[in-house]
Each structure stands twice: as structure tokens, then as C-alpha cells.
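K.L.:
Take this structure, written in C-alpha cells, and hold onto it; I'll ask about it next.
The values are calculated or read from the model by the stated rules, or taken from the named source; none is laboratory data. Note that the structure is a prediction, hence the values are computed from the model and not measured. Reconstructed Cβ throughout: ideal geometry from the backbone, glycine too, with neighbour counts over all protein chains shown.
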């Protein structure tokens, strides 16, 4: 289930990351980049988001590097490629270069499946990154994740954790990491029950994700559900603060590949990718206004505001209002 690419061996020259599960895609690409860096610390990384691949990139792909060394070319969203770009990649597969690692990320959609099939026919290493829809697959993911982090988990705890968190693998991975750290590595049903009593932080981040992405209706619905289930208002404010700070940190890097930004900030790949997408809809002034609104709401909540629920609804509404605009709602 996890990427079968070792960071201590030379990477394969052709890799197909097949699927659209964001966490598994990020890990699959990251594993290949790590292997390339381990093999050649000066390896050049060219990471193209969906729609960013150009004719110039394809010319470079087919040409040996003037300076020698390894190159990793990541083509994301291959199912969205125009026909001419797809055909150019198909032509490259007939004569791949020894100093290039080509990573093609294809969601599994019907469009451009010919390219995914050609990658397989050319002997590409296939990294499975399809969404895990069956409960058993999610259980296997949780057990493997805990082992990867150096912990142990009982079968009952696996089921309890998967049932408590749900189907979002990013959330499952984050919770596994936290549980291993908090429990000393031994995760049982009692630990899961204690940690997820109320699921406060998780629900707070659900509110934050919706507000930062501009979905006011979903954000307000999640907020009411969170408060109704006993989530302390201060944790909702904390989640909103964390989400916007992550967005600001990523935006301040000025660009670069996901891998480079993740390494420089010490953030997970999937969180960098999500923040990069969100940052495209935010202006600097809008972000500043949102942070000021959160600061004021945090002080009110901690000071025992008379109606924290109303204050949080105002906060969420204002965050959505200032998103993407240089001039937002004035306080």
C-alpha cells in the first residue's frame, strides 16, 4: 500500500504513481525524490503541477544534462495533459534517458490512460495511490502507519481509530503520529478512546479547512456541529490560527517544488500541497486581516465572551469574506 521505493537505492528511471489519494500520491513522489537525492545529492528536481508542463520541459526531458548528474521530472495530473504533450511523453518512453527519472502521476481517470498503460508497458515502477474505500484497507493503513512510526497497535485499537477518524488518510496519518508520540509507542483501545473523546482538534481543523477554502456554508455547519459535540471554542480558534499560519509560511517561500518547500519548512508534503493551493486564492492584505480577526476572537474567547458561538460565527464569516481580496470586511 505504501510506496515501494527505497531511499537507499538508485531510483527506477520510470515511475507511475497511479491514483488520486492525496497523501499516497505525495508519499509516492517524495519517496522517489528521496531515493534520487540519496543516489545523487545534487540531483535536479523538476516538479510540474497539473497544467504546468510545457513544450520546453519536454525538450529538456529529452536532452542530456550539460552538467551531468541525475534529474527527476515529476509530471502531475497526467490525465489532464493536452494531446500533444501526452504524445511527446509517449515518444520519450521509447528512448528514456539514463540520467532522468520520469515520475508520471495519473489519477486513474479514463482520459490519457494510454499514457499510464504505456508507462507500465515500458517497465515503470508502479506506486499504488488509489483511494482506500473499503474499511479493511483503512484498517491495514492504520496498522502499517503505526508500525512505520515505530509503534505497536492492537487489532481493537485499529478498528476504534479508523471508526473514530473516518476515511481521510491525511487525518488518519496525523492522528497515528500523535498517538505514537503521546503513548510511547503502545497504542491500545484505551489510548484511542482517551485521545478521541470529543475529537476536538479534528473537528476544529474541519472548520478551518472549510473557512480557508472559502466554503462559508460548510464552515458554519462544521462549526455548529463542533460546538454541539462539546468542542471548546478555544480549540476552534487554535485550528483556524494553525491553518492560516501554515498558509502564510508556505506563501512566504516564494515558490519552488513541494519537496523543497516541505524540507525547508519541516512540514509534511501533503500539508504544503494543500497550503499552496489555498494560497492562490489569498492576498497578503486579506491574510493579514484574517489573522487580526483571529487574534481578536482568541482574546474574546479566552476572556470568557458572553456568546462565544456568535463570536466564532462572525470570525468564520469574516475569514471567508477577506479571502482573495485586498480590501476585506473592516472591523
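K.L.:
So residue 120 fits all but one of (1) in contact with a strand residue (DSSP E or B) (Cβ under 9 Å, 6 or more places away or on another chain); (2) over 25 Å from residue 43 (Cβ atoms); (3) assigned to a helix (DSSP H, G or I); (4) touching a residue at least 60 places away in the same chain (Cβ under 8 Å); what number is the exception?
P.N.:
Unmet condition: (2).
K.L.:
Right, next: Got at least one residue in the stretch 149-166 being surrounded by fewer than 18 Cβ atoms within 10 Å (Cβ to Cβ) and closer than 14 Å to residue 205 by Cβ?
P.N.:
Yes, the stretch 149-166 contains at least one residue that is surrounded by fewer than 18 Cβ atoms within 10 Å (Cβ to Cβ) and closer than 14 Å to residue 205 by Cβ.
K.L.:
A follow-up question, please. Select, from 324, 328, 304, the only residue that is in a loop (DSSP other than H, G, I, E, B), modelled with pLDDT under 85 and crowded, with 19+ Cβ neighbours inside 10 Å.
P.N.:
328
Each row is one residue, and each column tells you yes or no for (1) buried (at least 21 other Cβ atoms within 10 Å of the Cβ); (2) on the phi > 0 side of the Ramachandran plot; (3) outside any helix (DSSP H, G or I).
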| site | (1), (2), (3) |
| --- | --- |
| 221 | no, no, no |
| 224 | no, no, no |
| 230 | no, yes, yes |
| 234 | no, no, no |
| 240 | yes, no, no |
| 243 | yes, no, no |
| 246 | no, no, no |
| 254 | no, yes, yes |
| 259 | yes, no, no |
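K.L.:
Inspect the stretch 40-50 for any residue being in contact (Cβ under 8 Å) with a residue 24 or more places away in the chain, assigned to a loop (DSSP other than H, G, I, E, B), within 23 Å of residue 271 (Cα to Cα) and in contact with a strand residue (DSSP E or B) (Cβ under 8 Å, 6 or more places away or on another chain) and give the result as yes or no.
P.N.:
Taking the stretch 40-50 as the starting set, the residues that turn out to be in contact (Cβ under 8 Å) with a residue 24 or more places away in the chain are 40, 42-50.
Then keep just the ones that are assigned to a loop (DSSP other than H, G, I, E, B); that gives 40, 42-43, 49-50.
Then drop every residue that is not within 23 Å of residue 271 (Cα to Cα), which leaves 49-50.
Then keep just the ones that are in contact with a strand residue (DSSP E or B) (Cβ under 8 Å, 6 or more places away or on another chain); that gives none.
The answer is no, given that none of the residues of the stretch 40-50 is in contact (Cβ under 8 Å) with a residue 24 or more places away in the chain, assigned to a loop (DSSP other than H, G, I, E, B), within 23 Å of residue 271 (Cα to Cα) and in contact with a strand residue (DSSP E or B) (Cβ under 8 Å, 6 or more places away or on another chain).
K.L.:
Now a separate question. Kindly evaluate residue 181 against the criterion of being surrounded by 17 or more Cβ atoms within 10 Å (Cβ to Cβ), in a helix (DSSP H, G or I) and outside the structural domain of residue 29 (by TED's automatic domain parsing). Spell out how you get there, then give the answer.
P.N.:
Numbers: surrounded by 17 or more Cβ atoms within 10 Å (Cβ to Cβ): no; in a helix (DSSP H, G or I): yes; outside the structural domain of residue 29 (by TED's automatic domain parsing): yes.
Spelling it out, it is not the case that residue 181 is surrounded by 17 or more Cβ atoms within 10 Å (Cβ to Cβ), in a helix (DSSP H, G or I) and outside the structural domain of residue 29 (by TED's automatic domain parsing).
K.L.:
Would you mind telling me which numbered condition in (1) assigned to a helix (DSSP H, G or I); (2) touching a residue at least 60 places away in the same chain (Cβ under 8 Å) residue 108 fails?
P.N.:
(1)
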